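The values are calculated or read from the model by the stated rules, or taken from the named source; none is laboratory data. Note that the coordinates shown come from a computational prediction; the quantities given were computed from them, not determined experimentally. So basically every Cβ, Gly included, is an ideal-geometry build from the backbone, and we count neighbours across all protein chains shown. Keep in mind that these areas ignore ligands, DNA and RNA; they rest on the heavy atoms of the full protein, side chains included. Shrake-Rupley method; radii C 1.70, N 1.55, O 1.52, S 1.80 Å.
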Amino acid sequence: MDFVQKALWFIEGHSKENISLEDVAKNAGVSPFHLTRTFSLTMGVSLMRYLRGRRLSEAAKILVEKGSNILDLALDIGYGSHEAFTRAFRDQFSITPEQLKSQGHLGNVNLVEAITLNAEPIPKIDPPRFETIPPRLFAGTVQHYDCQMPAGIPNQWQSFGAYLGNIPSQVGDAAYGVCYNFDAEGNFDYMCGVEVSNSSGLPKEFQVLKIPTQKYAVFTHKGHIAGIRATFAAAGKWFPDSGVKPFEGANLERYGKEFNPVTGMGGLEIWIPVED
């Protein structure tokens with residue numbers, strides 16, 4: 001059983017309890033950071049959002065089936081007060097615990113059901129090569145995304161395409177997708193950009209990102225660009241048995257001349273930062 005499946009198993013076995021990200025990661029045998037990123041890429045939802053949704057869904061069922069005291073239930077599942085539980089419950093279901101208990105049914109409540117184990121097949125990939133690169137400067141357009149709704153990235157690339165070939169101080173001919181500023185909720189920033197030697201003369205809508213000296217595990221994505229998420233997930237699952245530890249830095253997608261942005265074919269490289 002791989003570590004994402006272990007995490008799902010542990011969550012389902014403790015969905016009515018107050019468990020933390022650290023508890024899940026320890027049981028799965030990986031770091032909280034690596035579990036958070038790989039779970040999001042594999043399942044399309046952040047681990048903490050899923051854990052919170054499952055815990056509140058089980059609480060909703062208990063309220064309807066048993067009519068439990070709301071404060072006692074809140075304390076049982078890890079909320080320190082009636083107010084904190086009510087706020088989280090309302091944010092999740094757009095209804096308060098009191099309203100749900102009063103109506104006595106779940107017909108208008110969108111529960112978060114358990115993800116089926118092994119629901120997402122993960123492809124096999126070749127082992128990575130390793131590269132250590134000096135500090136680099138990237139420039140491009142940046143958007144903020146949720147791991148559940150990254151559908152705007154292709155449109156971001158389409159808009160960025162107008163700048164390619166006309167960016168001052170560009171280094172080389174490759175384009176880069178840079179994923180950074182990940183958080184526990186599965187949110188991240190995504191840059192469509194290129195490497196530059198300096199930030200002079202860039203379009204006003206560009207942002208600049210400096211990445212320090214870093215070692216990377218470099219994986220090859222050979223299929224259509226639409227399958228990149230599965231390759232990211234497969235790369236994440238390569239680490240636990242490899243003895244290589246991922247580093248909390250920016251991921252790079254490198255699009256060279258071989259990549260055809262019109263057809264989405266040609267392949268690309270995924271650079272994941274690792275500890276030196």
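Between helix 3-13 and the chain, what is the angle of the helix's C-alpha long axis to the longest principal axis, kept within 0 to 90° and rounded to the nearest 10? The angle comes out near 10 degrees. A Förster distance of 22 Å, applied to the separation of the beta-carbon atoms of A84 and A184, puts the FRET efficiency at 0.80. Under 13 Å from a point placed 7 Å out from the Cα of A114 along the Cα-to-Cβ direction: which residues of segment 57-101 have their backbone N that close? Only 58 pass the distance filter.
With the simple spin-label model, which puts each label point 7 Å out from Cα in the Cβ direction, the N166 to D23 separation comes to 5.6 nm. For segment 178-220, the solvent-accessible area of protein heavy atoms averages 44 Å² per residue (probe radius 1.4 Å; ligands and nucleic acids excluded). When both segment 10-41 and segment 144-169 are represented by their alpha-carbon centers, they are found 32 Å apart.
Taking 0.36 nm per residue of separation and subtracting the Cα-Cα distance, full extension of the segment from N198 to K16 would add 60.2 nm.
Roughly speaking, to the nearest percent, how much of segment 1-138's 1.4 Å accessible area is carbon and sulfur?
Result for segment 1-138: 50 percent of the exposed heavy-atom area is carbon or sulfur.
Taking every C-alpha pair closer than 8 Å and separated by at least 6 residues, the mean separation divided by the residue count of segment 171-276 gives a relative contact order of 34 percent. Taken along the Cα-to-beta-carbon direction at a fixed 7 Å, the label points for V208 and Q158 span 3.1 nm. When a 1.4 Å probe is rolled over the protein heavy atoms, the share of accessible surface on segment 209-250 that falls to carbon and sulfur comes to 56 percent. A P(r) calculated from all alpha carbon pairs of segment 160-276, with 10 Å bins opening at zero, reads 12, 42, 36, 10, 1 percent. Here the chain yields Rg over Rh of 1.04, to two decimals, using C-alpha coordinates and the Kirkwood radius.
Pulled fully out, how much extra length does the chain show between T132 and L106, if you take 0.36 nm times their separation in residues and subtract their Cα-Cα distance? Display every interim value, and only then the final one.
Details: separation 26, 0.36 × 26 = 9.36 nm, distance 5.39 nm.
That works out to 4.0 nm of additional length.
Using a Förster distance of 45 angstrom, determine the FRET efficiency expected from the C-beta separation of E65 and A151, and round it to 0.05. Approximately 0.75, to the nearest 0.05.
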